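Novice: Please find one structure pasted underneath; my questions will follow.
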Amino acid sequence: MTDGTLLLRQIHPLFIQLGRVTSQAFRPTPKDNHKLSVYDGDLIAPEASWRHYRSRELQSVGVMAISVGECKKEDLIVASSPEIFPEHAHIDFHQYSSSQCENKGKKLKNAAEIRGWQYKMDSINKF
């Protein structure tokens, strides 16, 4: 991965409110062991990542992305974790408090919003 590598994040329908993605989509919960799961965009395309995610019977309305460089700017460590599946990576938030994680999540969300949706499922329902 390079600084320009896009990290593909699946967006759960609950993370959309009033038509906008919330910063919850870009920060882990304690059950995630403080690691935010992403797909390595060097290894898989956005639509393929969405299809893979959905094939595991998980919910996602689409894919947004942040770069490795944007994570580094927030002092977040990005690592490949192919033991989960070959294209899996994670962003490690373990060293930060809850409020710091929230702040970093907001900054990542803002970067992803500027970049825009990388893939969005077709739907009659608009968010």
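The values are calculated or read from the model by the stated rules, or taken from the named source; none is laboratory data. The structure displayed is predicted, hence computed values, not measured ones. Because the Cβ atoms are built from the backbone with ideal geometry, glycine has one as well, and the counts that use them run over all protein chains shown. Heads up: the accessible areas ignore ligands, DNA and RNA and are worked out on the full protein's heavy atoms, side chains in. Shrake-Rupley method; radii C 1.70, N 1.55, O 1.52, S 1.80 Å.
Novice: Take the residues in the stretch 11-41 that are in a loop (DSSP other than H, G, I, E, B) and β-branched (V, I, T), then tell me which one is nearest to I77 (Cα to Cα). Steps first, answer last, please.
Specialist: Within the stretch 11-41, the subset in a loop (DSSP other than H, G, I, E, B) is 12, 18-19, 22, 27-29, 33-34, 41.
The next check asks that each one be β-branched (V, I, T); those that pass are 22, 29.
Numbers: T22: 22, T29: 16 Å.
Within the stretch 11-41, the match that is nearest to I77 (Cα to Cα) is T29.
Novice: Quick one: count up the residues across the stretch 46-80 that are closer than 20 Å to L108 by Cα and either of a type in the set (V, I, T) or open to solvent by 10 Å² or more (accessible area, probe 1.4 Å) (or both). Before you say what the answer is, go through the steps one by one.
Specialist: Of all residues in the stretch 46-80, those closer than 20 Å to L108 by Cα come to 46, 49-50, 60-80.
Narrowing further to those that are either of a type in the set (V, I, T) or open to solvent by 10 Å² or more (accessible area, probe 1.4 Å) (or both): 46, 50, 61, 63, 66-70, 72-75, 77-80.
Of the residues in the stretch 46-80, 17 are closer than 20 Å to L108 by Cα and either of a type in the set (V, I, T) or open to solvent by 10 Å² or more (accessible area, probe 1.4 Å) (or both).
Novice: Next question. Identify the single condition in (1) in contact with a Gly (Cβ under 6 Å, 6 or more places away or on another chain); (2) not in a strand (DSSP E or B) that L8 does not satisfy, given that it satisfies every other one.
Specialist: The failed condition is (2).
Residue by residue, here is whether (1) under 21 Å from E113 (Cα atoms); (2) at pLDDT 95 or above; (3) of a type in the set (S, T, N, Q) holds:
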| position | (1), (2), (3) |
| --- | --- |
| G4 | yes, yes, no |
| L18 | yes, no, no |
| P30 | no, no, no |
| L36 | yes, yes, no |
| D42 | yes, yes, no |
| I66 | yes, yes, no |
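Novice: Then there's this: Can you name every residue in the stretch 51-81 that is in contact (Cβ under 8 Å) with a residue 60 or more places away in the chain and not aliphatic (A, V, I, L, M)?
Specialist: S60, S67, G69, C71, K72, S80
Novice: Do any residues in the stretch 13-35 that are touching a residue at least 24 places away in the same chain (Cβ under 8 Å) and within 26 Å of Q95 (Cα to Cα) have Cβ atoms under 7 Å from those of residues that are assigned to a helix (DSSP H, G or I) and of a type in the set (G, A, S), where the two are at least six apart or on different chains, and which pairs are they?
Specialist: Filtered contacts from the stretch 13-35: S23/G105; F26/G105; F26/A112; R27/G105.
Novice: If you take the residues of the stretch 42-100 that are assigned to a loop (DSSP other than H, G, I, E, B) and among the aromatic types (F, W, Y), which of them is nearest to R27 (Cα to Cα)?
Specialist: In the first step, residues of the stretch 42-100 are kept if they are assigned to a loop (DSSP other than H, G, I, E, B); the result is 42-45, 56-61, 74-76, 81-87, 93-97.
After this cut, where a residue has to be among the aromatic types (F, W, Y) as well, the list is 85, 93, 96.
On the way: F85: 21, F93: 8, Y96: 11 Å.
Checking each candidate, the answer is F93.
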